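Nothing in this text is a laboratory measurement; each read-out follows from the coordinates by a stated rule. The shown structure was predicted, so the numbers you read here are calculated from the model rather than taken from an experiment. Cβ coordinates were reconstructed from backbone atoms using ideal geometry, including for glycine residues, and neighbour counts include every protein chain displayed.
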Amino acid sequence: MHRLAQDKLIAVLFLFSLIVRLFALAALPAPPLDDAGRAYLKGADVLRNGEGFRGHYVLLAPMNTMFVALCLSLFGGDQISVKIAQAVVDSLTVVMIYLITRETFDIQTAVVAATISSIYPFFIYLTISIATEPLFTFFLSAFVLSSLYAVRSDKAFFYMVSGVLLGAATLTRATTQFFPLVFLILLLVMKRRRTILLRYAAFCLSFVLVVLPWTVRNYVALDDFIPVATGGGIVVLLGSSENFLTIDGKPEVYREYPAPQGLKPSQQDRYFMKAGLDRLKMRLQTDPVGFMAFMAKKFLRLWYATDSGHNHHVTLLVQVPICIFALMGLLLIRGKGQPLIWIPACVVIYFVALHWFTLPLFRYMIPVMPYVIGFAAFAIVTLKNKWITPGSRTA
């Protein structure tokens, strides 16, 4: 496709996505604030008052709080300014979904993936909420796109940009703080060159330089080593029993496992982590069949479960077709000689493994749905070209 036509297509995708989100913002009732949304707004007020981050905000990575504070400072104290900014950010993510899918598949698949993402209801719902997902998904998508350029070009610059973007994503949500280890394995499998270790070192240095100031801040302000945020322990504990998987079970968790007084945040996190691991270990030892059934249930919950335990049928109505086509796409791509697909695929695998083991909520999978949608789009395009327009080939 001609460069000018490509630029026009990208502009159309961005504007269409933005219009859809702004229309939803104007037409739909505002989603209720959850605990995280209230924390971001409260943290933003603290920053705007010049007080800096207080100790209790260590439970959250700082980037989204700073984003909310910046929006409120520049455009007024109404939440609408944050939501409009999120609509712009999410529309840029749709553009990156197009570019990522074009790199890993083809132009037809990229257009279908970006179009689906433009109207994907869960992207839109979180965009008009006060939520971390729009900003986190943006940084994560930017990292995936930069990584594709890095691997394809073997230029140190793109590896450094990838490190910066993954660092920004990690400061938005600490979920990705362990992904550099996965990235090393991925690079060694894909590139198999001595120079890749130098490229990876540049990537790691960039990542550390972004994250390290916040780690130092935590140590100085709290006298505690917290690389990004706490909270990992409690989600392991919440994911250790059927009774704890929804918000109604949280009071029971804290009644059954009250944290000892006087613990530092990291110590409290380790306390909850150990409690959750002990509970899982005991179940595995005493009821291995029940443990396997529980883990199977957790895996399925990744793709539809809400924190409240309600509206699962609505999520399934949207998710089931996408997941079916994504599985078909995985089968159809085999043997096609497209190694770059392993980059977004490994991001999906990483998120699945992490949240399957901890607390399986569909919301946690939202940031990798662009790549699931990409595989689904590949299946749609492949089947369309095979059955509806026989003899045609994807671009």
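A few points about this structure:
- Fewest-first sequence of D106, D7, D45 by Cβ atoms within 10 Å of each Cβ: D7, D45, D106
- Candidates Y364, Y257, Y120, ranked by Gaussian network fluctuation over the chain, Cα under 10 Å, top entry: Y257
- Legend: ranking of residues S308, S162 from fewest to most surrounding C-beta atoms inside 10 Å; resulting order S308, S162.
- Reported to the nearest whole Å, the Cα centre-to-centre distance from the range 79-140 to the range 337-361 is 18.
- Relative to the longest principal axis of the Cα atoms of the chain, the long axis of helix 288-301 makes an angle of roughly 60 degrees.
- Cα convex hull of the range 114-185 - mean projected area over all directions, nm²: 5.6
- Angle in degrees between helix 265-286 and the longest Cα principal axis of the chain, rounded to the nearest 10: 80
- For the chain, the longest principal axis of the alpha carbon atoms and the long axis of helix 63-75 meet at an angle near 80°.
- Structural descriptor for the chain: relative contact order 17 percent, calculated from alpha carbon pairs under 8 angstrom and at least 6 residues apart.
- Annotation: the chain has a Kirkwood hydrodynamic radius of 22.3 angstrom, from the mean reciprocal C-alpha pair distance.
- Each residue of the range 229-234 is assigned a 3J(HN,Hα), and the resulting list reads 7, 9, x, x, x, 5 Hz, derived from the Karplus form 6.51 cos²θ - 1.76 cosθ + 1.60 (θ = phi - 60°), x at Gly and Pro.
- Summed residue charge, Cβ within 15 Å of F351's Cβ, Lys/Arg positive, Asp/Glu negative: +3
- Max mean-square fluctuation residue, GNM over the chain, Cα-Cα springs under 10 Å, options P360, P31, P180: P31
- Karplus-derived HN-Hα couplings along the range 81-93 (A = 6.51, B = -1.76, C = 1.60, θ = phi - 60°), whole Hz, x at Gly and Pro: 5, 5, 5, 5, 4, 5, 4, 5, 4, 5, 5, 5, 4
- Highest mobility in the GNM of the chain, judged by mean-square fluctuation with C-alpha springs under 10 Å and restricted to S91, S266, S146, is found for S266.
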